[in-house]
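What follows is a short report on a single structure.
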Amino acid sequence: MVFHPAIIALLVGSVLISAMLCYSAYYGVRILKSWNIRSGSELQLSLERRTYLISTMMTYAFGFQLVSLFLFIYTADHLHTLFIGAMCAAGSLNVNEFGYPTVILKTVNFILAGLWLIINFTDNRGYDYPLVKKKYLLLLLITPGIVAETIVQGKYFLGLEPDVITSCCGALFSVNAEGVTSGIVSLPVLPVSASFYASMALTLALGVYFYFKGQGAYLFSVANSVTFMVSIIALISYISIYIYELPTHHCPFDILQAEYNFLGYPLYASLFGSAVTGMGVGVIMPFKKIMSLRQVIPTVQRGLAVAALILSTIFLSMAVYGVASSNLTLALF
């Protein structure tokens, strides 16, 4: 099973990314201690050459990190036919205790990697690279998470046993399930739907306001973060049942299958993309006073705001269409 092409790609890719991050973290410590752009010393010149190499490496590494979340879910979904009781990725991930922790780590690392790429992009547009120490400090914080993800993902794939009987998504995402999922699926539809549409409307309004006025960056960023979490809950508790046209079916993975036109992939891609770009608007805001970035950051922020607005609109439109076109009718009152 380990010789599945997608599994090999994920395992090899994760090991390589972890190795590059550890290499970069080593020089990151040296950069944090010794970086001085005004110095012409041999050490400074060496660090400058090294940071060009590391930035290029990390751009490709984190690019793969973003893609790996979807590749992992895709792989887990396609492995479900090998396990008794599994109907989709929900069952495959439940084969051992490392499946869902891998998803959580990949989700967190997706967001952190996206934010690092935004900071790196901004820094490269400053003539004196003013965010070098900030982005390498963030790199040091990200490295343990990526290494942990590599280890946990490896344990998941290497621990897959085809003779294991697992649970289907109907059991894992039901009111009788254990843990957080039972609490989410048992939430009343009306409050969840109202919270979802209200948070989306507020986020879009704040994004438009920021784009035209250049104010409220932090508020827009926080609203995006909250909307991201609310949308995940709404997708499981509210939106999914209309897509499946079954009030008891709350699985967040079945929508990735051909039966539902692979709707889950653009849904999740737009949701995660809007979260990262929206958060990025606020993340780079503290650096707006830096001389070399005064003209750069407003332009980058507007670009991120536009991307977040477009992606949020795509996600909202698909969610509304899924609900409006459904044959399922629920009594909300």
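Read-outs throughout are calculated quantities, based only on the coordinates presented, and are distinct from any laboratory measurement. Since the model is a prediction, treat every value here as computed from it, not as a measurement. Using ideal geometry, Cβ is built from the backbone for each residue, glycine included, and neighbour counts are taken over all protein chains shown.
Calculate log10 I(q)/I(0) of the chain for q = 0.06, 0.08, 0.13 Å⁻¹, where I(q) comes from the Debye formula with a single equal point scatterer on each Cα and nothing for solvent.
-0.24, -0.43, -1.04
Using modelled amide H (1.01 Å from N, peptide plane; none on Pro or chain starts), what sits under 5 Å from the amide H of A86, excluding residues fewer than 5 places away?
T166
Between region 1-39 and region 229-267, what is the C-alpha centre distance in whole Å?
One Cα centre to the other: 34 Å.
Going by alpha carbons, how many degrees (0 to 90, nearest 10) lie between the helix axis of 5-34 and the longest principal axis of the chain?
30 degrees
Helix 217-234 versus the longest principal axis of the chain: what is the Cα-based angle in degrees, 0 to 90, to the nearest 10?
30 degrees
Which ordering of T203, T248 is given by a fewest-first count of other beta-carbon atoms within 10 Å?
Ordered from fewest to most neighbouring Cβ atoms within 10 Å, T203, T248 come out as T248, T203.
Between L45 and I310, how many nm apart are label points set 7 Å from Cα along the C-beta direction?
Distance between label points: 4.3 nm.
Hand me the trypsin sites (Lys or Arg not before Pro) from region 1-108 located in a DSSP loop with no more than 14 other Cβ atoms within 10 Å, in residue order please.
Filter output for region 1-108: R38.
Assign unit charges at the C-beta atoms only (+1 for Lys and Arg, -1 for Asp and Glu), then state the dipole size of the chain relative to its Cα centre in Debye, rounded to the nearest 20.
Details: 16 positive and 13 negative charges, 370 e Å.
Dipole of the chain, to the nearest 20 debye: 1780 debye.
If I model a spin label at I290 and C22 as a point 7 Å from the Cα along the Cα→Cβ vector, what separation in nanometres do I get?
That separation, rounded to one decimal, is 3.0 nm.
Where does helix 132-158 land angle-wise versus the long Cα axis of the chain, in degrees 0 to 90, nearest 10?
For helix 132-158, the angle is close to 40 degrees.
For the charge dipole of the chain, defined by +1 on Lys and Arg C-beta atoms and -1 on Asp and Glu C-beta atoms about the Cα centroid, which residue among I104, G303, L293 has the Cα displaced farthest towards the positive pole?
Farthest along the dipole direction, towards plus: L293.
Using +1 on the beta carbon of Lys and Arg, -1 on that of Asp and Glu, and nothing else charged, what's the dipole of region 169-327 about the Cα centre, debye to 20?
Charge dipole of region 169-327: 980 debye, to the nearest 20.
Which Cys residues of the chain have no other Cys Cβ less than 4.7 Å away and so no disulfide-compatible partner by this rule?
So far as the 4.7 Å Cβ criterion goes, C22, C88, C168 stand without a partner in the chain.
Rank I232, L79, A258 by how far each Cα sits towards the positive end of the charge dipole of the chain (+1 on Lys, Arg Cβ; -1 on Asp, Glu Cβ) and give me just the farthest.
Looking along the dipole axis, the top candidate is I232.
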